[in-house]
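K.L.:
To start, I am sharing the structure in question, which I have written as structure tokens.
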Amino acid sequence: MSKIARTFELLKKNNRKALMPYAMMGYPALESALDIVPALAEAGADLVELGVPFSDPLADGATIQAAGQQALANGMSLALCLEQAATLRARGVTLPFVLMGYYNPIVQFGIERFVEQAVASGIDGLIVPDLPPEEAETLYAAATARGLDVIFLLAPTSDATRIQTVTALSGGFIYLVSLVGVTGARESLPPGLADFVARVRAVTDKALAVGFGIATPEQTAQVAQLADGVIVGSALVKAIGTTERPAEAALTFTAALRAAI
């Protein structure tokens, strides 16, 4: 059982739901994550999604796009993301790291080299939103051979065949995209979310984590009633980017989410 799967299993045994905040590496300053990620852990995060900035992030809304552009301007790269992950491990951060990035930088880096360095840096899982299962064989084989979970996404529009495919392949947990669209805080949860989660739950015992559009403690609590984990990105990125004390903002924001669930 992988570190991510063990985390969800332990939480389940303790009747707790996983909280997975998202941090854009290199934002708002190049080394901000070295303070933000420990703050997220202190606030009660169970896993952390480490975002790799990319110039054409097709799944991301305006907030994360802007953060990614700033991170790139600051000099952040995939190699530096891995280096900073290793630094966080050396400083004693132990919760699972899920690296979220697009496929182009991984291909440019070299798939085998990327997987090797990701493992050495303490990465536990990968989310590559523009890499569907049908095209993921090379990365999937390299990653799973080294013990890295490859986490695939399902959307509310996924049919029964796609749900079967993703639930069979996804490691660690299954990422349920709550809505049809890109990332970004929303005023309310999609009305069909409960039915979507139930459709996936009917065919798998793997952990289900919901992301996209979750912004407030109240929404986080609602999602925690439906799924095994809650992923919060844009609202946290916005909170971090509007203060001169991003680590403190990350701690305060995440602690409120943790308290809600």
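K.L.:
Mean separation of Cα pairs under 8 Å and 6+ residues apart, divided by the residue count of the chain: what relative contact order is that in percent?
P.N.:
24
K.L.:
Something else: VAL119 versus ARG6, label points 7 Å from Cα toward the beta carbon: distance in nm?
P.N.:
Output for this residue pair reads 1.6 nm.
K.L.:
Rounded, prolate or oblate, given the Cα gyration tensor of the range 3-260, with a/c below 1.5 counting as rounded?
P.N.:
rounded
K.L.:
What longest region of the chain stays clear of GluC sites (Glu not before Pro) that DSSP places outside H, G, I, E and B and that have at most 16 other Cβ atoms within 10 Å?
P.N.:
32-186
K.L.:
Excluding residues on the same chain fewer than 8 positions from LYS3, give the lysines whose Cα lies under 17 Å from its Cα.
P.N.:
Excluding near neighbours in sequence, the set is LYS12, LYS13, LYS17, LYS206.
K.L.:
Only helical DSSP H runs with n ≥ 4 go in: add -39500 (n - 2.57) per run for the chain, normalise by residue count and round the 222 nm mean residue ellipticity to 500 deg cm²/dmol.
P.N.:
Theoretical 222 nm ellipticity from helices: -14500 deg cm²/dmol.
K.L.:
Relative to the Cα centre, what is the charge dipole magnitude of the range 3-260, using +1 at the beta carbon of each Lys and Arg, -1 at the beta carbon of each Asp and Glu, and rounding to the nearest 20 debye?
P.N.:
660
K.L.:
In addition: Please list, in order, the residues from the range 3-31 whose amide nitrogen is less than 12 Å from a point placed 7 Å along the Cα→Cβ vector of ASP205.
P.N.:
Residues passing the 12 Å test: none.
K.L.:
OK, next. Who wins for biggest fluctuation among LEU126, LEU153, LEU169 in a Gaussian network model of the chain, springs between alpha carbons below 10 Å?
P.N.:
Of LEU126, LEU153, LEU169, the Gaussian network model singles out LEU169 as fluctuating most.
K.L.:
Which residue, chosen from ILE240, ALA66, ILE214, occupies the Cα position most advanced towards the positive end of the dipole of the range 3-260, where the dipole is computed from +1 (Lys, Arg) and -1 (Asp, Glu) charges on Cβ about the Cα centre?
P.N.:
ILE214
K.L.:
Between SER55 and GLU83, take the C-beta separation as r, use R0 = 22 Å, and let me know the FRET efficiency to the nearest 0.05.
P.N.:
0.65
K.L.:
Can you find, among ALA259, LEU131, SER170, the residue farthest towards the positive end of the dipole of the range 3-260? Put +1 on the C-beta of Lys and Arg, -1 on that of Asp and Glu.
P.N.:
Working it through, the farthest residue towards the positive pole turns out to be ALA259.
Throughout, read-outs are computed from the coordinates displayed, never taken from laboratory work. On a predicted model such as this, the values are computed, not experimentally measured, just so you know. Glycine gets a Cβ as well: all are built from the backbone with ideal geometry, and neighbour counts include every protein chain shown.
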